[in-house]
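Written below as structure tokens is the structure these notes are about.
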Amino acid sequence: MTAELVRGQNHPLSQSRLEIRISAGTPVAAAAALGDENGRIRGTQWVAHPGAPVQPGLEVSRQAAADHRLAVDLDAMTDAVHRVSVLLALPAANAGAGPARFGSVAAPFVAVTGLDGTEVASYTITGLDLESAVVALELYRRQGAWKVRAVGQGYAGGLAELFADQGLSEAAQLAAGIDEAVAKGLARSVQAPPPRTPEGDRSRQAAAPAVGPDQGAAPQGASGPVPSAYGGQPAGGQGQGGPQPAYGGATDPHAPSGGPVDYSHPRRQTSAPPPPPPAAPPAQPGQPARPVAGDATGWSMEERLYNQVWGMFEDLARTAAAYRSAVDFAESRMDKELEQALSDPRSRIGGQGDAAREAARARYTQLVDQARASLDRDLDQLVAESEVVEPALPPAFARWDNPCWHAYRVPMEIPMALRLGDLRLPEAESIRIPMLLRLPLERGLWIDSGRTDSLDGSFTDSHDMRRLAMDTAVAHAARLLAVYPAGEFTVHVVDPAGSGAQALAPLTQTGVLAGPPAQGAAGVTEVLARLTQRVDLVQMALRGGAPDALPPGFDTSQQLLIVNDFPHGFDDRAVNQLRYLVDEGPPVGVHLMMVADREESAGYGPLLDPLWRSLLRLTPVPDDHLADPWVGHAWTYEPPSVPPGSEVLRQVLTQVAEARRTWNR
């Protein structure tokens, strides 16, 4: 159970490798200071900060952000270290821009979590006013054991006063160095995450991460909330759960031999802290720093890439919001100036009125051009970052045309997230942000076959839409099978009329399904009865505290049911079983993927409304039905597509089937 601390309260720590997760209402700089037995900082080398983010046993963020994840390894601390203080500072306090005191922003939230995301203790720092720097909490050694204490000590004089109070002689110089390092990174600072909901893990609402693309955050669809594609899934809408990190194997597309990269879980490594992220190559004078793949924080390259993608999503959302706001301001200013010019009867006609109107339009054009130039500068940086990040993504995050699939090997561990497509905004058509969904799945998927047109009007035939929807469902199922270890993911198919036989061929012909697609009313009844019984058995075992008491030979793998042509072949009992699987299945490893048109099921009335709202709606054609939780951008979702004529999907599924046969021997 999480300990929610108040100022001065402490709580024991049972783990040595921890994450400190910070959520603030504005970008803040995060640092960590080591202290001796008297709480004194012995030198600048005892402080991890944006200018020197890696110290023995510590790793902090390199830039200001509304969310931070600090890595701490207490076993890597020397015997001289008795205290680790987590520090927050407002980066704009000394620059004259942005909030200058914590009293004017939302109370920061700090949580101590294990590497699996389990929250150990949390603290909301309240009661701040004029302070611009604060000691949030401290980890301290007491009689050979470590504890965490909520501190909340603020300093109106900023970091310089804070460091001086902890006995650092070079306090002013270090504070100035931190301000300089933060100022260089302010252009890429991450804005505030969505509001925390009363339920769920607050420390894992954003990337934690990002639509996003449960920082889940997360996009919200027209038909209901959508988990963040990162984290913070996109990032924390209604119904989003916190991410549950898992670290899976992957393949490096740049490795000459095609060999695997070690993405193993940190608990399988030594007690040494993770290696520092890759350093960017030196930039030319006057030019921005060149991006590098994996430069975000994290204990593994997979986690760093995940957080970097989440940061790209937030950056694009922020810069597009700034551009739209500037254009709206320019329009309102022009309208106001034109109204003032026309309100005077003497200036409505003649040269004076024409001059006033031309001046108003010229100022509008100037403001819009300035906003577009700023947007283009940010987009150029994001494009450059995307060009280095996309080729470095592991299979779970990569597109089907990524070369890493040609060196694919069935993984030994579950990855932390899965790519379900791409997200883009109309202001940045050239940038595609991967939409990543945390694993294991927390919600079912609904592939909408009911649209009769796309954004470009290229698809109008309902038969084509059904075929494309089923192709998309197969691509999602194939990716889920590919990223799970052998025997850890099982797929069932219900196809009452057999209309999806052609689209299902890659799954049926490679032998990765648990059995042939169920057809007819009898087949639907049999599959649904078997899966609902499975949910009941696992729930009873868990509630009774005896998870090992399941029947012999019970399949403990994750289960996915693909339903095609709903509601054909479904009676009222089958519909109720579907709703039961949607509501109760995900916590016990049973997930639903429906390929259906909501309008075709209108005959059931409001009975099915809770079902549709519980599913994550995806489309087989580009559709702008997703919205981020910060400013409500209408994000265009693009489904994953296998390159025309490519056999990569069948090749991957063939390896999965062979690995399953080997595993079952």
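The values are calculated or read from the model by the stated rules, or taken from the named source; none is laboratory data. Small disclaimer: the values here were computed from a predicted structure and weren't measured. Using ideal geometry, Cβ is built from the backbone for each residue, glycine included, and neighbour counts are taken over all protein chains shown. These area figures cover heavy atoms from the full protein model, side chains too; ligands, DNA and RNA do not enter into them. Shrake-Rupley method; radii C 1.70, N 1.55, O 1.52, S 1.80 Å.
In the range 545-577, which residues are open to solvent by 60 Å² or more (accessible area, probe 1.4 Å), more than 28 Å from residue 486 (Cα to Cα) and not in a helix (DSSP H, G or I)? 568, 571 - these are the residues of the range 545-577 that are open to solvent by 60 Å² or more (accessible area, probe 1.4 Å), more than 28 Å from residue 486 (Cα to Cα) and not in a helix (DSSP H, G or I).
Counting only residues that are part of a helix (DSSP H, G or I), among the charged types (D, E, K, R) and in contact with a Ser or Thr (Cβ under 8 Å, 6 or more places away or on another chain), the range 580-625 holds 3 of them. Within the range 507-526, being under 24 Å from residue 556 (Cβ atoms), more than 33 Å from the chain's Cα centre (by Cα) and in a helix (DSSP H, G or I) holds for one residue alone: 526.
Scanning the range 399-440 for residues that are touching a His at 6+ places or on another chain (Cβ under 8 Å) and open to solvent by less than 10 Å² (accessible area, probe 1.4 Å), we see that the one that is nearest to residue 618 (Cα to Cα) is 420. Contact annotation: residue pairs with Cβ atoms under 9 Å, 6 or more positions apart or on different chains, pairing a residue in the range 10-22 that is open to solvent by 20 Å² or more (accessible area, probe 1.4 Å) with a partner that is outside any strand (DSSP E or B) and of a type in the set (Asp, Glu), are 16/75; 17/75.
Can you tell which of 369, 354 is modelled with pLDDT of 90 or more, acidic (Asp, Glu) and either on the phi > 0 side of the Ramachandran plot or in a helix (DSSP H, G or I) (or both)?
Values: 354 fails: modelled with pLDDT of 90 or more.
Of 369, 354, the one residue that is modelled with pLDDT of 90 or more, acidic (Asp, Glu) and either on the phi > 0 side of the Ramachandran plot or in a helix (DSSP H, G or I) (or both) is 369.
Could you tell me whether the range 381-389 includes any residue that is touching a Cys at 6+ places or on another chain (Cβ under 9 Å), open to solvent by 20 Å² or more (accessible area, probe 1.4 Å) and closer than 22 Å to residue 642 by Cβ? Checking the range 381-389: not a single residue is touching a Cys at 6+ places or on another chain (Cβ under 9 Å), open to solvent by 20 Å² or more (accessible area, probe 1.4 Å) and closer than 22 Å to residue 642 by Cβ. Among the residues making up the range 23-38, those that are open to solvent by less than 20 Å² (accessible area, probe 1.4 Å) and closer than 22 Å to residue 77 by Cβ are 30, 31, 32, 33, 34, 35, 36. For the range 471-487, the criterion of a residue being of a type in the set (Gly, Ala, Ser), in contact with a Leu (Cβ under 6 Å, 6 or more places away or on another chain) and not in a loop (DSSP other than H, G, I, E, B) is satisfied by at least one position. Per the conditions (1) surrounded by fewer than 19 Cβ atoms within 10 Å (Cβ to Cβ); (2) assigned to a loop (DSSP other than H, G, I, E, B), the sole criterion not satisfied by residue 103 is (2). Residue 25 falls short on exactly one of the conditions (1) in contact with a Leu (Cβ under 9 Å, 6 or more places away or on another chain); (2) part of a strand (DSSP E or B), and that condition is (1).
Being crowded, with 22+ Cβ neighbours inside 10 Å and either among the basic types (Lys, Arg) or more than 29 Å from the chain's Cα centre (by Cα) (or both) is the requirement here; does residue 500 meet it?
Numbers: crowded, with 22+ Cβ neighbours inside 10 Å: yes; either among the basic types (Lys, Arg) or more than 29 Å from the chain's Cα centre (by Cα) (or both): yes.
So residue 500 passes the test.
Among the residues of the range 528-541, how many are open to solvent by 10 Å² or more (accessible area, probe 1.4 Å) and either closer than 15 Å to residue 515 by Cβ or not in a helix (DSSP H, G or I) (or both)? Quick ask: steps written out before the conclusion?
Residues of the range 528-541 open to solvent by 10 Å² or more (accessible area, probe 1.4 Å): 529-530, 532-534, 536-541.
Remaining after also requiring either closer than 15 Å to residue 515 by Cβ or not in a helix (DSSP H, G or I) (or both): 529-530, 534.
Total satisfying the criteria: 3.
Residue 97 meets the conditions (1) within 22 Å of residue 177 (Cβ to Cβ); (2) at pLDDT 85 or above; (3) open to solvent by 50 Å² or more (accessible area, probe 1.4 Å) in every case but one. The failed one is (2).
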